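Every number here is computed from the coordinates shown, using simple stated rules; none is lab data. Remember, predicted model here, so these are calculated numbers, not experimental data. Positions of Cβ are backbone-derived with ideal geometry, glycine not excepted, and every protein chain shown enters the neighbour counts.
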Amino acid sequence: MAGDLAPLQVDVTLSPGAPALDTERLVRLLQYAAHRERVKESEVSVWVSTDAEIADLHQRYMGIEGPTDVMSFPSADVPLREGYLGDIAVSYETAARQAGEAGHTPEREIAYLALHGLLHLLGYDDLTPEERSRMLARQDSLLQAFEREYPGAWK
């Protein structure tokens, strides 16, 4: 199974007050997805933020008031170093609300949203209904395949 993980370095940062997460499982999911997407050696950062923190980013970069669930910042917009894909911000508060609505755990929702952010960094988009449908189908497929190949519970 280790061959199913891409050489993707994932740096996870939790904001104060964020719930304890199985960051190893989150990293493994993103490495698995990167491998399936044929990503070469690269790096990404994931920030698990508060609603207030992501709302600030949402306003600053998108001009939209209020929190959102996930944002991604491709390094192609501001190249830092070779192999750096970009940054992903996930609001744990929004993720917890969405998890309740979806009937699964907040940790699984955070992982699902981080995967969504990674797909954006890899070039997927969701601006049109067709793009959104394609992206969400890929996201669901990757998460389900990961959960089959790497069984374990999301907290």
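Here the Karplus curve 6.51 cos²θ - 1.76 cosθ + 1.60, taken at θ = phi - 60°, turns the phi angles of the range 114-125 into couplings of 4, 4, 4, x, 4, 4, 4, 4, 8, x, 6, 9 Hz, with x standing for Gly and Pro. Taking all Cα pairs closer than 8 Å and separated by 6 or more residues, the relative contact order of the range 38-109 comes to 34 percent.
Under a point-charge model restricted to the Cβ atoms of Lys and Arg (+1) and Asp and Glu (-1), what is the dipole moment magnitude of the chain relative to its Cα centre, in debye to the nearest 20? Write down the numbers at each step before the final one.
On the way: 14 positive and 26 negative charges, 80 e Å.
Computed charge dipole of the chain: roughly 380 debye.
Think of the range 2-149 as a dipole: +1 on every Lys or Arg Cβ, -1 on every Asp or Glu Cβ, centred on the Cα centre; then among MET135, LEU57, HIS35, HIS35 lies furthest on the positive end.
Between the C-alpha center of the range 71-138 and that of the range 1-70 there is a gap of 7 Å.
If you take every DSSP beta bridge whose two residues both sit in the chain, what share of them, in percent to the nearest 5, is antiparallel? Given both bridge residues lie in the chain, the antiparallel proportion sits at roughly 25 percent. Loop-located GluC sites (Glu not before Pro) in the range 47-155 (DSSP state not H, G, I, E or B) with no more than 14 neighbouring Cβ atoms inside 10 Å: GLU65, GLU82. Amide H to amide H distances under 5 Å link VAL46 with ASP11, VAL12, THR13, ILE88, where only residues 5 or more positions off or on other chains count and H is placed in the peptide plane.
By the helix-only formula, in which each DSSP H run with n ≥ 4 contributes -39500 (n - 2.57) and the sum is divided by residues, the chain has a 222 nm mean residue ellipticity of -14500 deg cm²/dmol.
Mean sequence separation of contacting Cα pairs (under 8 Å, at least six apart), scaled by the length of the chain, corresponds to a relative contact order of 22 percent. Projecting the Cα positions of ALA153, PRO67, GLY117 onto the charge dipole of the chain (unit charges on Cβ atoms of Lys, Arg, Asp and Glu, taken about the Cα centre) puts ALA153 furthest along the positive direction.
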